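First comes the structure, then the notes that go with it.
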Ligand code: ACM
Ligand code: ZN
C-alpha cells in the first residue's frame, strides 16, 4: 500500500485543474499548503486595514489581480481581497501570511514590504483567467539584504531599462539595487559642483570590442557614453522605493577612477599636468586618486554631499577594489602622508583613505560598504564588506565582527557565461562560467559558526557589463539566474535544486509573456 502513494500523488497532479495544480512559487515559501477550490480574483473588491493612511501603491499592485491586463471585468464579484497590516501578528520583517479561500483572500503582514511580497506571491499563483488556488502560505526572507548589481559604466543603460530591471527584481522579492555609477570607463551621475565629471567623464572616444583575451585588443572608435541627471536619479530612487527596493549607489575610490581623473587631472598623483583618457576598457595602473592631497578628500566630500542628498540608503558603496599601489609609491605627497600619519606602507595608506571616508559618512548618518579589498591595511568594525574574491574575505570579516554581504564571484557573477558547452549559443562574454545550478549552490553562511553567521547580512549577484552592450543581452545574463539568487535570499535553508527546476516553468511562462530574453539552458537539461 505504501508503494502506491507516490503513484496516487502523480495521478492526482495530472487530474488537477489549472487552479489546483501544485504551486510553482519562486522563491519557495516557508510553508505553503494547497486547499480545495479557487479564488476568482477578477472583479474582487480590494480592502485595506491597519494602515496609517490608504496604501495607494499596494492597492495599485493588488488591482493587477482584480483587473488583469488593466481591464475592469464587466461584473464585480462578492469576493474580497483584504490587505491587513498588523504589527502585533508576530510576522517577521518583510514576511507575510496568506489565507486564500473561495470568496476571501486575506493577506497579513507586520510591515508594508510584507504586504508587497504577499501580493507578488498572489501574482505568481494566478492563472491566465485570474484564478488563484485556495491555499495557506507563510513566508519570510532568510536574509534582510537581497541585492542585484548593475554596472552602467562599461556600457550605459537608459532609465527605462533600469526601471525594467527593478521590476524584475521586485517580482523576485529582491530588495537592494546596487547601482555601479562610476568607473574607469565612464562617470554616470550628474554632480552639480563638478560639471566636467559628466561633460567629460561620461564620454569616451573608443570602446573595446571583441574578447578580453584578444591581443592586441580591437577597438571601435566613436563617442560613446551617457549619464543620469539628478532628476533621473531621483526618479529611479522613487520608482525603486515604490517596489520596496533601496538603491545603493557606488562611487568608486580610490581606484577605478579614470573617468574622474580625465575630467579633473589634479585628483591624481601628479601636479595636474598629466592628461588622462577614459578607458575603452582595459586600462593601465594610473587610474588612482591621490590620498596625499587634501584637495582629493575635499572633492570626494563635495561629491558625496550630493550623493547622500539623492540616495536615502543607509549604506553608500565606496568601491575600494583593485587599487594598484605603484602611483602612491612614487608620489612624494603620498609618501609624505605615510610618514606624517605613521603608516607602514601603501596598504595602510589605502586603509587611511577608507577610514577617512567612513568618518565622513558616519558624520552624515550613513555607513560605508566596500568590496573586500577595503580590508587591506586594517578596517573598522563598522564597515560593511562585500565579499567578491570568493567567500574567504567575507568569512574573515564576519569572524572579526564586520557585517558582510556575500557575492563570491564563482556563484554570483552574472557576467560569467552560463554554460561551458561550446555547442550552445552564448553571446561573446567572460570565459569563466556560472551555471544556474552553480548560482543555486551558494550557501552564504557556509563554514561559519552560528554566532558568526549573524554577520552575514545577505547576498548579492553582480552584472558587470564589459561585454554587455544592450538590453536583450543583459536579460539573457540575469534570467533565470536571478531566480536562483531569489531562492538563496529567501529560502537558503530549504533549497532543493530538483524542486527548483520543477517550479521554474511558471517563471518561464512569465518571461515569455513579457518578451524577456532568458537563457534557455536550464530547460534543456543542461546545467
Ligand atoms: C570587482 O569585481 N572588481 C568587484
Ligand atoms: Zn599621491
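Once a ≥ b ≥ c are taken as the square roots of the eigenvalues of the Cα gyration tensor of the stretch 291-403, is the result rounded (a/c under 1.5), prolate (a/b larger than b/c) or oblate (a/b not larger than b/c)? Mind dumping the intermediate values first?
On the way: a/c = 1.95, a/b = 1.13, b/c = 1.72.
Note, shape of the stretch 291-403 comes out oblate.
The spread of Cα positions in the stretch 288-332, taken along each principal axis and listed from longest to shortest, comes to 39, 22, 10 Å. For the stretch 373-423, a Kirkwood radius taken over Cα pairs fed into Stokes-Einstein (20 °C, viscosity 1.002 mPa s) yields D = 178 µm²/s.
Sort 409-415, 130-136 for me by packing, meaning the mean count of neighbouring Cβ atoms within 10 Å per residue, highest on top.
Numbers: 409-415: 22.4, 130-136: 20.1.
So the peptides 409-415, 130-136, ranked by packing, come out 409-415, 130-136.
Given a Förster distance of 41 angstrom, what is the FRET efficiency for residue 396 paired with residue 421, based on the Cβ-Cβ distance and rounded to 0.05? After rounding, the FRET efficiency stands at 0.70. The ellipsoid that matches the Cα gyration tensor of the stretch 341-500 has semi-axes, each √(5λ) in whole angstrom, of 32, 20, 13, with the longest given first.
What FRET efficiency, computed as 1/(1 + (r/R0)^6) with R0 = 25 Å and r the Cβ-Cβ distance, is obtained for residue 218 and residue 160, rounded to the nearest 0.05? Mind dumping the intermediate values first?
Details: r = 30 Å, r/R0 = 1.20.
Step by step, r from the Cβ atoms, then E = 0.25.
Taking every Cα-Cα distance in the stretch 99-193 and sorting them into 10 Å bins from zero, the calculated P(r) comes out as 13, 34, 25, 17, 9, 2 percent. Dividing the summed helix terms, -39500 (n - 2.57) for each DSSP H run of n ≥ 4, by the number of residues in the chain produces a 222 nm estimate of -10000 deg cm²/dmol to the nearest 500. Computed over the stretch 198-270, relative contact order equals 29 percent, with contacts defined as Cα pairs under 8 Å that lie 6+ residues apart.
Compute the convex hull volume of the Cα atoms of the stretch 142-211, divide it by the residue count, and report the result per residue in Å³ as a whole number. Intermediate values should be presented prior to the final figure.
On the way: hull volume 9.3 nm³, N = 70.
Taking only Cα atoms, the stretch 142-211 has a hull volume of 133 Å³ per residue.
Contact order for the stretch 19-106, expressed relative to its length and based on alpha carbon pairs under 8 Å spaced 6+ residues apart, stands at 35 percent.
Computed over every Cα-Cα pair of the stretch 161-263 and binned at 5 Å starting from 0, the pair-distance distribution P(r) comes out as 3, 12, 18, 18, 17, 16, 11, 6, 1, 0 percent. Taking the average, over residues, of other Cβ atoms within 10 Å as the packing measure, peptides 154-160, 464-470 rank 464-470, 154-160 from highest down. Here the stretch 246-286 is described by how far its Cα atoms reach on the three principal axes: 40, 21, 15 Å, from widest to narrowest.
Relative to one another, the C-alpha centroids of the stretch 33-106 and the stretch 212-226 are positioned 51 Å apart. In whole angstrom, note down how far apart the Cα centers of the stretch 236-302 and the stretch 143-195 are. Their Cα centres are 16 Å away from one another. With the highest mean first, a sort of the peptides 104-116, 417-429, 171-183 on other beta-carbon atoms found within 10 angstrom per residue produces 171-183, 104-116, 417-429. If you wrap the stretch 66-133 in the convex hull of its Cα atoms and look at it from every side, the mean projected area works out to 4.8 nm². Once both labels are positioned 7 Å from their Cα atoms along Cα-to-Cβ, the gap between residue 238 and residue 441 label points is 4.5 nm.
Only Cα pairs under 8 Å and 6+ residues apart enter the sum, and on that basis the relative contact order of the chain stands at 13 percent.
Over the chain, the ratio between the Cα radius of gyration and 2.2 N^0.38 Å evaluates to 1.04.
Once Rh for the stretch 418-527 is found with the Kirkwood sum over Cα pairs, what is the Stokes-Einstein diffusion coefficient at 37 °C and 0.692 mPa s, in µm²/s? Here the translational diffusion coefficient equals 216 µm²/s. Beyond 15 Å, what share of the Cα-Cα pairs of the stretch 446-508 is found? Please give it as a whole percent. So the pairs more than 15 Å apart make up 63 percent of the total in the stretch 446-508.
Two-decimal Rg/Rh of the stretch 230-363 from alpha-carbon positions, Kirkwood Rh? Spell out each step's value before the answer.
Values: Rg = 16.1 Å, Rh = 15.9 Å.
Here the Rg-to-Rh quotient is 1.01.
In this label model, residue 52 and residue 362 are separated by 3.0 nm, measuring between points 7 Å along each Cα→Cβ vector.
Rounded to whole Å and sorted largest first, what semi-axes of the equivalent ellipsoid does the C-alpha gyration tensor of the stretch 488-527 yield via the square root of 5 times each eigenvalue? Numbers along the way, then the final one.
Working: eigenvalues 83, 34, 15 Å².
Rounded to whole Å, the semi-axes are 20, 13, 9.
Between residue 298 and residue 471, residue separation times 0.36 nm minus the direct Cα-Cα distance comes to 58.6 nm.
Based on the Cβ-Cβ distance from residue 380 to residue 230, what FRET efficiency comes out when R0 is 35 Å, to the nearest 0.05?
That pair, residue 380 with residue 230, gives E of 0.70.
Remark: the residue 321-residue 99 segment gains 75.2 nm on full extension, using 0.36 nm per residue and subtracting the alpha carbon distance.
Laboratory data are not the source of any read-out in this text; all were calculated from the coordinates shown. Everything numeric in this text was worked out from a predicted model, so none of it was measured. Every residue, glycine as well, gets a Cβ built from its backbone with ideal geometry; the counts of neighbours run over all protein chains shown.
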